[in-house]
Amino acid sequence: MAAQAPTEELSKLSVSEAAAKGSKPGPSTATATNGNLNHDDDDSDDDAENAAGDAAATGAAKKKKKRKPKKKKKAPTAQSDPPRVLISQLFPNGTYPAGQEVEYVNENSYRTTSEEKRHLDNINSEFLTDYRHAAEAHRQTRQWAQKFIQPGKTLTEVADGIEDSVRALVGHQGLEEGDGLKAGMGFPTGLSINHCAAHYNPNAGNKTVLQQDDVLKVDIGVHVNGRIVDSAFTLAWNPRYDPLLEAVKAATNAGVKEAGIDARLGEIGGVIQEVMESYEVELNGTTYPVKSIRNLNGHTINHYSIHGSKSVPIVKTNDQTKMEEGDVFAIETFGSTGNGYVHEEGEVSHYAKRGDAQKVDLRISSAKSLLNVINKNFGTLPFCRRYLDRLGQEKYLLGLNNLVANGIVESYPPLVDKKGSYTAQYEHTILIRPTVKEVISRGDDY
C-alpha cells in the first residue's frame, strides 16, 4: 500500500500571532500605536514613519505565515459497492493474488522444484500478471453480483451491473476506439435461465424479470491484454434445486482436479460424467437424474480468443488428446434434468469475428462500416448487440447479418434443453504452468 502522506494540519496564523511567534518588531506595531496615543501632535514625518512601521510589521507577518499543506487522498484499501475501485489501486505494487496453485504429481512432480521450469515461469511473468489481474477483477465482480442478483431484477439490470463493474475495475470503459482491446469484457455476460443453458444475453428492450423459481447461469469473462478469465456459477433461490447445483459444482471440481500436464481429455470427461450422474433431483414429486449435457464442452482459451482448438468433454469419450504445458483451459460442466442435449433456439445476442475469416468483397456499405467498428473495438473478442448500442451504432442488423452470412462473423444463438427442464453450470479457468497447475479463477465462493 502507498504510505499515507503526513496530514498534520498547521493552524492559520493571524497577523498578531505571527508577530508574537517570531516576527521581529521593526518599528513595531506596538511602538507605532504608543506613539499615536502619546504624541497626537507629532508632525507628518512621524506619521509617515508610523505607516512604514505598520507596513513592515504586516509584511513580516505575511512572510511568517505558512500555507496549510493539502491533504493527500488516502489510497483505497477496500472495494466499493457496487465495485468501482480499480484493482490496480488495491494492489499498487502490481502483484495480484495467485489462484489455487496445485503441484504436479507422479512423473511430473519434478517440475515443482526444477530450475529450468522455474525459469520458464519467470519469463512468462507478464502473462501471469495479466491473468491474475483479470482473475481478481472477476472475483470481486462476481462476489458483488451474487448479492446483487435477486428475484425482481431484470436481466438488463443484472448485465449492466456486472459489465459496468468489470470495466470500472480494470479501468477501461471501452467507449474510445481500441480501449476495449486493452482490458474489459472477455465476452458478453451469459445470463441463461432454466432450460436455456448458455449464450443468452438481453438485447435492447428485453423486459425479462427474474423469478423466485428460476435457475440462473451467470457466465462472466474478463480480459486484461487479451488474457481471458472465463468462469461461471449458478444461482437458485428455491432450495429444491440445491442437488442440481451441487452435482454440477462437484463435477467441475472433479474435472479441475484431474486436469494437468499429460491428462487425457476423454478420460477427464469420464470422471466428470461419473460425478455428475451420481446425483438426482426431486421436483414436484418426480425424481430426475442429473445428466451431463453431452454436446457442451470445456475448451482451451487463446490470446484474444475464447475458444481454442482443444475441447474438454463432460462425458466419457475416446479422445486421447493430452493437456500440455502452456495450455489455458476453461473447465466447464453443465448438468440438466432434461435430455442432456442442447440445440440452438431463440434470438441471437452473442457474436464474434472469426480468427480464420477470409477476405470477402462486401457489397453492403453497412457491413463494411460495421466490420471496421468490430475490428477496432473487439477484434476477435466476442461481443453482443448491447455493446454495439453503447458505441452509438444504429441500424446495424442488416450489416451484421451480412457479415455472418459471409463467414466473417460467427453468431452464437442461445443453447437450450427441452422446455420445463432445468440446467446448471459451473466453470473455472486453469493455467497449465511449467511448475504448477493454477486454478486462476478460484475464490472463496467456489
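The values are calculated or read from the model by the stated rules, or taken from the named source; none is laboratory data. Computed from a prediction, not measured in an experiment: that's the story for all the values here. With ideal geometry, Cβ positions are generated from the backbone for all residues, glycine too; neighbour counts draw on all protein chains shown. Note: accessible area is taken over every heavy atom of the protein model, side chains too, but ligands, DNA and RNA are not part of it. Shrake-Rupley method; radii C 1.70, N 1.55, O 1.52, S 1.80 Å.
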Going through segment 283-309 one residue at a time, which ones are crowded, with 19+ Cβ neighbours inside 10 Å, assigned to a loop (DSSP other than H, G, I, E, B) and among the polar types (S, T, N, Q)? 297
Output yes when any residue across segment 83-106 is more than 15 Å from residue 169 (Cβ to Cβ) and of a type in the set (D, E, K, R), and no when none is. yes
Out of the residues in segment 113-145 that are of a type in the set (A, V, I, L, M, F, W, C) and open to solvent by 30 Å² or more (accessible area, probe 1.4 Å), which is farthest from residue 87 (Cα to Cα)? 120
Answer with yes or no whether residue 84 is surrounded by fewer than 17 Cβ atoms within 10 Å (Cβ to Cβ) and either touching a strand residue (DSSP E or B) at 6+ places or on another chain (Cβ under 8 Å) or under 30 Å from residue 236 (Cα atoms) (or both). yes
Taking the conditions exactly as written (touching a residue at least 40 places away in the same chain (Cβ under 8 Å), buried (at least 22 other Cβ atoms within 10 Å of the Cβ), of a type outside the set (A, V, I, L, M) and outside any helix (DSSP H, G or I)), does residue 446 satisfy them or not? no
Inside segment 402-435, can you point out the residues that are among the basic types (Lys, Arg) and more than 28 Å from the chain's Cα centre (by Cα)? 418, 419
Would you call residue 362 farther than 30 Å from residue 116 by Cα and in contact (Cβ under 8 Å) with a residue 24 or more places away in the chain? yes
For segment 295-317, give me each residue that is within 16 Å of residue 195 (Cβ to Cβ) and more than 27 Å from the chain's Cα centre (by Cα). 295
Residue count, segment 120-155, condition part of a helix (DSSP H, G or I) and at pLDDT 95 or above, comes to 24
So, in segment 127-180, how many residues would count as being among the aliphatic types (A, V, I, L, M) and under 28 Å from residue 433 (Cα atoms)? 7
Restricting attention to segment 132-160, report how many residues are within 27 Å of residue 100 (Cα to Cα) and either aromatic (Phe, Trp, Tyr) or touching a residue at least 24 places away in the same chain (Cβ under 8 Å) (or both). 17
Hey, residue 166 hits all of (1) among the aliphatic types (A, V, I, L, M); (2) within 11 Å of the chain's Cα centre (by Cα); (3) farther than 29 Å from residue 213 by Cα but one; which does it fall short on? (3)
When segment 362-398 is examined, which residues are found to be farther than 27 Å from residue 164 by Cα and of a type outside the set (S, T, N, Q)? 362, 363, 364, 367, 368, 398
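Table: residues versus (1) polar (S, T, N, Q); (2) touching a Phe, Trp or Tyr at 6+ places or on another chain (Cβ under 7 Å); (3) without any contact (Cβ under 8 Å) to a residue 40 or more places away in the chain.
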| position | (1), (2), (3) |
| --- | --- |
| 281 | no, yes, no |
| 303 | no, no, no |
| 313 | no, no, no |
| 320 | yes, no, no |
